[in-house]
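Worksheet: one structure, shown below.
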Amino acid sequence: MNTKETMHAVIFCDGASSGNPGNAGIGVVINHHDGSPVCTLSEYIGTATNNVAEYTAFIAALEKARSLGIKRIKVFLDSELVVKQINGLYKVKNANLMPLWMRAKKLLAEFDSFTVSHVMREMNKEADALATKAVKQRRA
C-alpha cells in the first residue's frame, strides 16, 4: 500500500457485550476512501459494559489507522453516546468512560482531519458481526 492510498480512510467500529457487563468484543472495518478494504479487527476484550466495548473499538480503530499512516479519517459508530461525547454534545459523566474518552480525544488530535458520525446499526453490520464473532469465540 502506498502512502497516497493510506492517507484517507473510512472506518466503521462497534463494540458488543454479552451481558452488561459481560464477555465483550470489538469489531473494526477500515476501508480506503473509495470503499476498497484495508483491514479488519475482531478481538475479545474481556468483561466490559457495552459502552466500554464501544469506546475500546473506537480507540482500536484509531490506533490501527495511525499505525497504517492514515492521516484523514471518517469514523462511523452506531453508539450515539460515544459519538455525542466525542463531538462535545454530551458530557462524560461515567468515571469508567473518562479515561477512554481522553485517550480517544488524544488519538484524534494526531490526525490531519477527522469526522466522527453516528450511523444506524443496519449500516454498521460488518463491524457488528466482527464484534459479535469475538464474543462468541470467547464463549466457545
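Observations
- Long hydrophobic helices in the chain: the complete DSSP H runs spanning 24 Å or more by Cα along their own axis with mean Kyte-Doolittle hydropathy of at least -0.5 are 50-67.
- Relative contact order %, the chain, counting alpha carbon pairs below 8 Å whose residues are six or more apart: 33 percent
- Approximating the spin labels as points 7 Å out from Cα along Cα→Cβ, the GLU122-to-THR47 distance works out to 3.7 nm.
- Ranked LEU130, LEU81, criterion: other C-beta atoms within 10 Å, fewest first: LEU81, LEU130
- Note on segment 75-135 and segment 6-45: Cα centroid distance 11 Å, given to the nearest whole angstrom.
- A quarter of the convex hull surface defined by the alpha-carbon atoms of segment 44-120 gives 5.2 nm² as the mean projection.
- For HIS33, the residues 5 or more places off, or on other chains, whose built amide H falls under 5 Å of its own are HIS8, VAL10.
- Rounded if a/c under 1.5, otherwise prolate or oblate - the chain, Cα gyration tensor axes: oblate
- Entries in LYS74/LYS133; LYS84/LYS105; LYS71/LYS106; LYS74/LYS125; LYS84/LYS133; LYS74/LYS136 that, when Cα-Cα distance is taken, lie over 22 Å: LYS74/LYS133; LYS84/LYS133; LYS74/LYS136
- Where only DSSP H runs of four or more residues are counted, the chain gives -12000 deg cm²/dmol as its mean residue ellipticity at 222 nm, each run worth -39500 (n - 2.57).
FYI, it's all coordinate maths here, none of it is from the lab. Worth saying up front: this structure is predicted, and the values here are computed from it rather than measured. Backbone-built Cβ (ideal geometry, glycine too); neighbour counts: all protein chains shown.
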